[in-house]
Every structure is written in structure tokens, then in C-alpha cells.
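**Q** I have a structure here, written as C-alpha cells, and I will follow up with some questions on it.
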Amino acid sequence: MVALDIDGTLVGHDGRVPTGTVAALDLVRAAGHEVVLATGRSLVGLRSVATQLGLIDGFAVCSNGALTVRLDSAVASGYVIQHARRFDPAPVIHRALGLAPGVRIGVEDVGWGWHVSEPFEPGLLNGEQKLVPVVDLCVMPATRIALHAPGIRQHVEALAATGVTVIPGGQDWLDLTAPGTGKAPALEHLRTQLGIGSEATVAVGDGHNDLDMLAWARRGVAMGHASEEVRQAADEVTGTIDQHGAIAVLNSLLPDDIQTDALSPLAGQLAMAARTTPGPLVLRVWHEHHSEIARCDTWALRDGYWGRHSPIPSGTGATMRATELAAREAGLAYPRSDIGRRRAHWRSVRDHRGRAGFELPLYPRLDAPDSTAASSIPDPARIATGRSAE
């Protein structure tokens, strides 16, 4: 499980994603690692950058741990809320107004934007803003509150005394969430849900709100430009974002005996999936209403059960023929029909929602069966299907 902060880690302060980041993320995911975005951003701000990173399916933690969502391109909203921690905002709002009478208050409206006591400057909040009387802000169960006022950081302890979690975002900004909320508790809950061992956890971040996440991970990595406090809390320090520090960490999670530079992205991801799966492997594709593939992933047979091994991001939007060619480019082979042009022998399959798709067994080319050996390929329809990361 690879937990990644967004701002300052995957995205620069100029809003740009460093070249090579998306390709590295795709390969890490193809290798079977569960990539989880963990950010202080609201859900609105998370979704835009997740799409930019190519992470349209998978899990994410946002609002500093108050929300855990499953990104899902198959649903209309683009996400499903897995867990939300809310709290009564009234005590801390009244306290904040007493300490800093001119404070701007924003209460997160999940998936839309913010209800605010007065408008925040453009760029300070993700999503829309709606002006609401303070009395109404106090009655809305909140996932996250933003406070903005000159020097408000000096009131951290006084505000925390109301029972909320307070995370500074500079001298003039505070984020407030429910008691005990943080990236680490949300990630730990998700890790347990996914059945991933605590020893198989990596986290990369650069901010004060990443401290608990870096301590939670077996391997906590601070970005090179992080503060001294954050770098001291980490197990190791990588390069700055301008030095592609996060990419270096992602690359360290990949086998060093496979070179994907000379391969197309789709072939490289298939080669990575095959390299990281010791047993039988099948490629599964799903269509919507066009010939292009809507979802593409690999499944592996372990202990008699088929389970989802990894997504193949570059398979989305490709055709079945393109995946066949990419498999061969990656040094893989597959069963072929024994008639006509001997095209790939795809089999019908259904996902957990009953939607029809196709699957193609993949083998190292030297060990590939010919068409007469196709009957020896394990058939998932006749073998129990294990838990999927879906």
C-alpha cells in the first residue's frame, strides 16, 4: 500500500505534475501495489488532480483523513464514499469567533464545495462557495472546517481544547476535523479493509499534516524540500519535487531486473504485471458501448483462488487487438484459435456486478501453450473467485 500526499509531493506549487509521474504511477499499480492518494484537499480538489494523475479508479483519503472514498469511473459521481467522520462544529466556531472576531469560516460541503461566513479569496478553497449565516454553519455536521485569519495559528491549543483535531496550514490558516482524525487513522482502517500487511506500507509527503502518515508507514519518506520537522520524522528523505523525488520512491518499488523504457506504456505495464505474478495470469477487459476498452486489469491464481492483481491503466481506451500486440511486445504469449488466422483465444467472463467481459491468459513466450494446449489453462469459471480489490 503506497500512500501519497498530493501538493508538494505529486503536484508542484505551480499546479503542474512533474514529467514522468503518471508513467511511474501506472507501473507501480501494474506491479500490484495499491496506490492511495492521501491529501488535505477536499473531495472536489482531490478529484481534479486524481484525473490528472490517471487515478480514476482506486482508493483515496481526503480532507486530512475525514473522508475515505473509492474513485470509480463507472458511477455517475465518479466516487463512492467509504467512510466519513463528522463532528458538531458549533463549539469550535464559537470559540474561534471569540479568539479572532474577523475570522473567515468555511464548512466543507462534501463533493460540492464550501458554506462560508464570508467569501474566501480565489484559490484558497476547492469548489464552489455559498455565503451562509454563522448560525447556520453551526448546525451543519462537518467533515472539515477551514479558519482563515491573520495569525490564527497562535490559537491552536485553545481551539484544540474544544475536542477537535487542529492542523495548521500556515500562520493564517487552520484545518479542523473530528477528534482523532488524521491521514494515518484513515489509512490504517483502509489497510485493514484491504487485507494488506502493516509491513507492506509506504508513505511519501512533505507537510505538517503528513507527520502521522509518515510515522504510520513501515517506510515513511519525506520530500527533500520538506521542513526539518517533517524530514526528521521520516525514515528517509528523497529529492525535492523539482528533482522528481516522488518518482524515485515509486521506481524503487519496481523490480530492477525488468526494463520498460524500450516498451510502449501498455506493453510495459503488461510486462510488469507478468513479472510480479508468480502464478498463472489472465488479462481481463470490459467494454461499455464502444469497441474501446473501458477497464483493463490482470487477475492471478493464488492458492486456488482468482484475485485481481493489478489495473493496466494504458489498456483503458485501447482495443483488444492492441492489447494482444502489446502482450507480444512485452514477451508474452497467449492461447490462439486453431482455425483461420489463429487470432487470440479470448474467453467470456463476468465481473462481480454481472457485467460481461473477456479474458486472455498470458504466459512467458518460451512457455506459451499452442492452441492444442488451451484446455490446460485454468478456467476461472470453474475455480472459486477470491476477494477483489475492486
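Values in this text are rule-based calculations from the coordinates and carry no lab data. Keep in mind it's a predicted model, so treat the numbers as computed, not measured. Note that we place each Cβ from the backbone using ideal geometry, even for glycine, and neighbour counts take in every protein chain shown.
**Q** Given the DSSP H assignment, sum -39500 (n - 2.57) over each helix run of at least 4 residues in the chain and divide by its residue total; what's the result at 222 nm in deg cm²/dmol, nearest 500?
**A** Helix-only estimate at 222 nm: -6500 deg cm²/dmol.
**Q** If I compute volume of the Cα convex hull per residue in Å³ from the structure I just sent, which labelled value in (1) 127; (2) 145; (3) 167 lines up?
**A** Of the listed options (1) 127; (2) 145; (3) 167, (2) comes from this structure.
**Q** Put +1 on the Cβ of each Lys and Arg and -1 on the Cβ of each Asp and Glu in the chain; which of 311, 181, 290 then has its Cα farthest toward the positive end of the dipole?
**A** Checked the options; the winner is 290.
**Q** So between residue 173 and residue 192, what do we pick up on full extension, going 0.36 nm a residue minus the alpha carbon distance?
**A** 3.6 nm
**Q** List 59, 358 from most exposed to least, where exposure is judged by having the fewest other Cβ atoms within 10 Å.
**A** Ranked by crowding around the Cβ, least crowded first: 358, 59.
**Q** Follow-up. Positive end of the dipole of the chain, charges at C-beta (+1 Lys, Arg; -1 Asp, Glu), about the Cα centre: which of 148, 11, 346 has its Cα farthest in that direction?
**A** 346
**Q** How would segment 277-331 be classified by its alpha-carbon gyration tensor: rounded, prolate or oblate, with rounded meaning a/c under 1.5 and the a/b versus b/c comparison settling the rest?
**A** Taking the square roots of the gyration eigenvalues as a ≥ b ≥ c, segment 277-331 is oblate.
**Q** Starting from the Cα of residue 16, step 7 Å toward the Cβ, then list every residue of segment 226-261 with an amide N under 15 Å from that point.
**A** 241-245
**Q** Let me spell out the model: positive unit charges on the Cβ of Lys and Arg, negative unit charges on the Cβ of Asp and Glu, origin at the Cα centre of the chain. What dipole size does that give, in debye rounded to 20?
**A** 1340 debye
**Q** If I stretch the segment between residue 51 and residue 82 completely, what's the gain in nm (0.36 nm per residue apart, minus their alpha carbon distance), one decimal?
**A** 9.3 nm
**Q** Starting from the Cα-Cα distance between residue 240 and residue 161, subtract it from 0.36 nm times their residue separation and give me the gain in nm to one decimal.
**A** 24.9 nm
**Q** To make sure I understand, if each residue's beta carbon is the centre and we count other beta carbons within 10 Å, what order do 140, 272 fall in, fewest to most?
**A** In increasing order of surrounding Cβ atoms, one gets 140, 272.
**Q** Also: Taking the Cα centre of segment 36-90 as the origin, how large is its charge dipole in debye, to the nearest 20, when only Lys and Arg (+1) and Asp and Glu (-1) carry charge on their Cβ atoms?
**A** Dipole magnitude for segment 36-90 comes out near 100 debye.
**Q** Would you give the gap between the C-alpha center of segment 15-59 and the C-alpha center of segment 235-254, rounded to a whole Å?
**A** With segment 15-59 and segment 235-254 each reduced to a Cα centre, they are spaced 15 Å.
**Q** Shape verdict for segment 163-210, please, from the Cα gyration tensor: rounded (a/c under 1.5), prolate (a/b greater than b/c) or oblate.
**A** Oblate shape, in that a/c is at least 1.5 and b/c is the bigger or equal ratio.
**Q** When a footprinting reagent is the concern and you count Cβ atoms within 10 Å, what order do 166, 135 take, fewest first?
**A** Final ranking by Cβ density, sparse to dense: 135, 166.
**Q** Here is a follow-up. In angstroms, what radius of gyration and Dmax does segment 251-291 have, counting Cα atoms only?
**A** That works out to 12.9, 39 Å for Rg and Dmax.
**Q** Return the inverse of the average 1/r over all pairs of distinct C-alpha atoms in segment 197-348, which is the Kirkwood hydrodynamic radius, in Å to one decimal.
**A** Radius from the Kirkwood sum: 18.0 Å.
**Q** Summarise the long-distance tail of P(r) for segment 47-170 by giving the % of C-alpha pairs beyond 25 Å.
**A** Above the 25 Å cut-off, segment 47-170 has 28 percent of its Cα pairs.
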